[in-house]
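Quick notes on the structure that follows.
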Amino acid sequence: MSSRPIYLDCHATTPVDERVLAAMLPFFTEHFGNPSSISHVYGWEAEAAVKQTREILAAAINATPEEIIFTSGATEANNLAIKGVAEAYFQKGQHIITVVTEHSAVLDPCKYLKTLGFEMTFLSVQKDGLIDLTELEKAFRPDTILVSVMAANNEIGVLQPLAEIGAMCRERNVLFHSDAAQAIGKIPLDVQALKIDLMSLTAHKVYGPKGIGALYVRRRNPRVQLAPQQHGGGHERGMRSGTLYTPQIVGFGKAVEIALQEQATETERLTQLRQRLWEQLSQLKGIHLNGHPTQRLPGNLNISVEGVDGSALLLGLQSVMAVSSGSACSSATTAPSHVLTALGHSEALAYASIRFGIGRFNTAEEIDKVAQHTIATIQSLRKQGSFAMHNR
Ligand SMILES: Cc1ncc(COP(=O)(O)O)c(C=O)c1O
């Protein structure tokens, strides 16, 4: 393991914590029952485990257990929220507001709805990655049914002003959905205080297993109507059919429980590590910090580097660290990241970007090694670049 690159891509995914794995294992072989089986102990024990996670998730976001709908992850939760609301409320209105820097799991369902005749407003962001609330205010229309704004951005880590957005939506009787895939367990989330009506969650960004997530759907003040996007056995009160994946659900609960217990200390530790990395990298000239300097996830540092080629940069870093670049990583294309170009960067600068996702298992020694190697790589590429220019 030690010869492998240092893992700093925690926005892409995280390893399953050993404590989470230990909680999950008995549910593969011993407690394997179907939580819907109501006539025997196998079903009862699985159902009890599912109930426990529902309670943990609900407590984590100040909701009730009945408001938690299990899904396969945040992609499915976003699809269910956006398409489910659109289908349930289309007679009330057909206008939806979202933001250009959202994850494709929000943008693509919105683009799909556009093909069905819905109208979309894609808000731009300011230089620091945050939305401009006056722009949001202007975007509301009498036929607006939904606003979807993420809690924390997966590339630049910025935390959008959810409380202000929630208040504006509630005042206008518009539903508010937030994709909190990157935020759950890392920052406090309270759906009552923030006036959030639907919220997407996932386990694998918070040291839980892949393939499990949830959608919070408000049941009171107001009660949100949702058209199911998957039909079948009527699980999850008809909103998402399919046998519940008990081991993953148990892992999700354990992961969130641990994250909440450690949130305060981890926030401080990760903020210090990020600061340690930034202090070293910012010694170099021509390094830009992407995203708001403080209103961001503790473990996120995203930089753009002047005077180097993006792919040469990534290639130079690969042997020492596993990081993500400024190109769109979720598809097969190599377009520059839509988030970085939305900040106003040129294509070249957007390409020459690095996302450092620092997590639970990273140490200060690793951060120093990463900083030193990044600096050396940038210096060497710049030297080669200027040499090539000089000899042209
Ligand atoms: C902000 C955001 N939304 C949605 C997703 C998709 O989540 P999942 O992998 O659980 O479908 C991700 C993960 O890539 C994300 O970062």
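The values are calculated or read from the model by the stated rules, or taken from the named source; none is laboratory data. Predicted model only: the values in this text are computed from it and were never measured. Neighbour counts are summed over all protein chains in view; Cβ atoms, including those assigned to glycine, are modelled from backbone coordinates with ideal geometry. Side chains are part of the model used for accessible areas, which takes the heavy atoms of the whole protein and leaves out ligands, DNA and RNA. Shrake-Rupley method; radii C 1.70, N 1.55, O 1.52, S 1.80 Å.
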**Fill in**
Only one of THR267, THR202, THR246 is crowded, with 20+ Cβ neighbours inside 10 Å, within 18 Å of ASP17 (Cβ to Cβ) and among the hydroxyl-bearing types (Ser, Thr, Tyr), namely THR202
**Prompt:** Here is a list of conditions, (1) more than 16 Å from the ligand (Cβ to nearest atom); (2) over 19 Å from the mean Cα position of the chain (by Cα), and ILE97 meets all of them except one; can you say which number that is?
**Reply:** (2)
**Prompt:** Any idea which of (1) in a helix (DSSP H, G or I); (2) more than 15 Å from the chain's Cα centre (by Cα); (3) among the small types (Gly, Ala, Ser) is the one ALA105 doesn't satisfy?
**Reply:** (2)
**Prompt:** Of LEU8, LEU25, LEU57, which residue is among the hydrophobic types (A, V, I, L, M, F, W, C) and away from the ligand (no atom under 16 Å from the Cβ)?
**Reply:** LEU25
**Asked** With (1) surrounded by 24 or more Cβ atoms within 10 Å (Cβ to Cβ); (2) within 12 Å of the ligand (Cβ to nearest atom) as the list, and GLY185 as the residue in question, which single condition is left unmet?
**Response** (2)
**Prompt:** Here are some conditions: (1) of a type in the set (Ser, Thr, Tyr); (2) out of contact with any Lys or Arg (no Cβ under 9 Å at 6 or more places or on another chain); (3) part of a helix (DSSP H, G or I). SER37 meets all but one. Which one does it not meet?
**Reply:** (3)
**Item:** Enumeration of residues in the range 109-136 that are in a loop (DSSP other than H, G, I, E, B) and open to solvent by 70 Å² or more (accessible area, probe 1.4 Å)
**Value:** LEU116, GLN126, LYS127
**Of the criteria (1) surrounded by 20 or more Cβ atoms within 10 Å (Cβ to Cβ); (2) small (Gly, Ala, Ser); (3) closer than 30 Å to SER346 by Cβ, which one SER178 fails** = (3)
